[in-house]
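Taking it in order: structure first as structure tokens, then the write-up.
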Amino acid sequence: MIPLFTFEVYNKEEIKAVRLEFWQKLNNRTRRLPGQKGRKKYWIFDNTGIKGLDLRFDVDRQKAIVALEINHRKEERRLQLYEKLEAAKTIFEEAFGESLIWDFAYEKATGEIVCRVYVEREGDILNKELWPEIMYFLIDKMIKMETAFLEVKDYLQSDLNE
């Protein structure tokens, strides 16, 4: 079994470099997805067509997350979108293929409160031995998240007051 946490000590610059290397490697792996024909697959801050709703990757020292994040700056709009998504929970999770974590008040590391529907696994971005497993998880789950989102997108867009 691969240890979850590394015991190497990194300074700020090294941590930044390791994180950058991780995201570059993930970006390179998404170019080789079936059906891409050499084009990159972008998901981070991906334009979903719905203002304040994004598909996200989040990886830190404890976990890796794939999320549909509702981060509209107006709380009323954010909660309205979340309630619509929650009303389609059965369809969304069926399209995703498994149960998800539903959190209408997820606090990000920055302190920002967003709504998130996500799946997570243990992981440590600084442990390079875990990268293949983490990247497989991120890509596999994001493909499923995108499929689930597309299943409910038209419903989420309907009757929303901009």
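FYI, it's all coordinate maths here, none of it is from the lab. If you're wondering where the values come from, they're calculated on a predicted model, not measured in any experiment. Note that each Cβ is placed from the backbone with ideal geometry, even for glycine, and that neighbours are counted across all protein chains shown.
Of the cross-linked pairs Lys25/Lys84; Lys74/Lys141; Lys25/Lys144; Lys84/Lys108; Lys108/Lys128; Lys25/Lys74, those separated by over 32 Å at the C-alpha level are Lys25/Lys84; Lys25/Lys74.
Amide H contacts for Leu53 (H built 1.01 Å from N in the peptide plane; partners 5 or more residues away or on another chain; cut-off under 5 Å): Asn71. The dipole here belongs to the stretch 44-157: it is taken about the Cα centre, uses +1 on the Cβ of Lys and Arg and -1 on the Cβ of Asp and Glu, and is about 360 debye. When you filter the chymotrypsin sites (Phe, Trp or Tyr not before Pro) in the stretch 45-116 for DSSP loop state and at most 14 other Cβ atoms inside 10 Å of their Cβ, you are left with Phe45.
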